[in-house]
Amino acid sequence: MIPGRIRPIAICIVRRDGDLFVFEGHDSVKGETFFRPLGGGIEFGERSEQAVRRELHEELSAELVRLRQVGVLENLFTHEGESWHEIVFVFEGDFANPDLYRPEFATTILDNGQRWRVLWKPLSEFDDQTAILYPEGLLELINRIG
């Protein structure tokens, strides 16, 4: 990420019953733990759908099926004391591999030199605000699309 630039990203909502597949992030400046669906930056000349497919393949070796775009969010935020601005293309889809839906499934991914824990997190924890879901507006979008 480059400070002072708008970053286009694509993320994917993957659900299992009442759970959402997310990575766990931390902000040491805010003292905050947060969660976000997997995805990442859109490369020049790449469409957002191609980006989200590529990112999940790179991060988890996961193939997505029944992928559809469900919205676009503008995300202005601070992380580790830096200001950021993203345009977030939000997709919803399913994993082709049923093993990723196992109840005990959790792993770590390596992205930009950092290790991130990925797991299934109950949506109810975001609804009752015991856990933080980013980007802002995503929970409302999830609840709207059902």
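The values are calculated or read from the model by the stated rules, or taken from the named source; none is laboratory data. All of these numbers come straight from a predicted model, not from anything done at the bench. So basically every Cβ, Gly included, is an ideal-geometry build from the backbone, and we count neighbours across all protein chains shown.
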Practice prompt. Kindly indicate which of L60, L56 is among the hydrophobic types (A, V, I, L, M, F, W, C) and at pLDDT 95 or above.
Written response: L56
Worksheet item: In segment 4-107, which strands (runs of 3 or more DSSP E) lie fully inside it and hold 2 or more residues that are of a type in the set (F, W, Y) and in contact with a strand residue (DSSP E or B) (Cβ under 9 Å, 6 or more places away or on another chain)?
Response: 19-27, 32-36, 82-95
Discussion item. Looking at segment 66-79, I want the residues that are of a type in the set (V, I, T) and surrounded by 11 or more Cβ atoms within 10 Å (Cβ to Cβ) and have a partner that is modelled with pLDDT of 95 or more and assigned to a strand (DSSP E or B) with Cβ atoms under 8 Å, at least 6 apart or on another chain. Which pairs are those?
Written reply: V70/I13; V70/V90; V70/F91; V70/E92; V72/I87; V72/V88; V72/F89; V72/V90
Worksheet item: Restricting the first residue to segment 18-46 and requiring it to be closer than 22 Å to S124 by Cα, which pairs with a second residue that is acidic (D, E) and surrounded by fewer than 18 Cβ atoms within 10 Å (Cβ to Cβ) meet a Cβ separation below 6 Å and a spacing of at least six or different chains?
Response: F35/E24
Fill in: Identity of the residue in segment 1-17, over 18 Å from E86 (Cα atoms) and at pLDDT 95 or above, that ends up surrounded by the most Cβ atoms within 10 Å (Cβ to Cβ)
V14
Worksheet entry | Residue check, E46 at pLDDT below 95, of a type outside the set (S, T, N, Q) and over 20 Å from L76 (Cβ atoms) | no
Item to complete: Looking only at segment 111-143, count how many residues are hydrophobic (A, V, I, L, M, F, W, C) and part of a loop (DSSP other than H, G, I, E, B).
Response: 2
